[in-house]
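Asker: If you scroll down you'll find the structure; I have some questions about it.
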């Protein structure tokens, strides 16, 4: 390779790094809303910007209570009466569009961005 090829490679690498840095460090002004559902019913819509201290909520189900821990960054399931405990192992949701599902207890936790609750993700023609 010639000297100009190396310069082009370094320049493209620099552009890629700057694009990654600028894209990953863009401050988001939108807040996050946690939607808590049991079956077809929406139980709560919680704006995570208003949460100052971590909070636990209890969702009554047929077999017991599903305990969810909520803070200003996201939410996760602490305990559930279901047998497999897959909802606990799904971990913490922190980005809009992520969900936690507990099928035996019919509990759904969805994290959305404010102002985008009814907006479609994509339109396919």
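The values are calculated or read from the model by the stated rules, or taken from the named source; none is laboratory data. Remember, predicted model here, so these are calculated numbers, not experimental data. Neighbour counts are summed over all protein chains in view; Cβ atoms, including those assigned to glycine, are modelled from backbone coordinates with ideal geometry.
Asker: Please find, among 62, 105, the residue that is in contact (Cβ under 8 Å) with a residue 12 or more places away in the chain, over 21 Å from residue 31 (Cβ atoms) and loosely packed, with under 14 Cβ neighbours inside 10 Å.
Answerer: The conditions single out 62.
Asker: Also, quick follow-up: Can you name the condition, by its number, that residue 58 falls short on among (1) assigned to a strand (DSSP E or B); (2) under 23 Å from residue 114 (Cβ atoms)?
Answerer: The number of the failed condition is (2).
Asker: Could you count how many residues in the range 42-55 are closer than 17 Å to residue 112 by Cβ and in a strand (DSSP E or B)?
Answerer: Final tally of qualifying residues: 6.
Asker: Mind checking which residues of the range 77-102 are touching a helix residue (DSSP H, G or I) at 6+ places or on another chain (Cβ under 8 Å) and either touching a residue at least 24 places away in the same chain (Cβ under 8 Å) or part of a loop (DSSP other than H, G, I, E, B) (or both)?
Answerer: Correct list: 77, 80, 100, 102.
Asker: In this structure, is residue 121 in a loop (DSSP other than H, G, I, E, B), modelled with pLDDT of 90 or more and surrounded by fewer than 14 Cβ atoms within 10 Å (Cβ to Cβ)?
Answerer: No, not satisfied.
Asker: Determine which member of the set 72, 30 is in contact with a strand residue (DSSP E or B) (Cβ under 6 Å, 6 or more places away or on another chain) and either at positive phi or modelled with pLDDT under 90 (or both).
Answerer: 30
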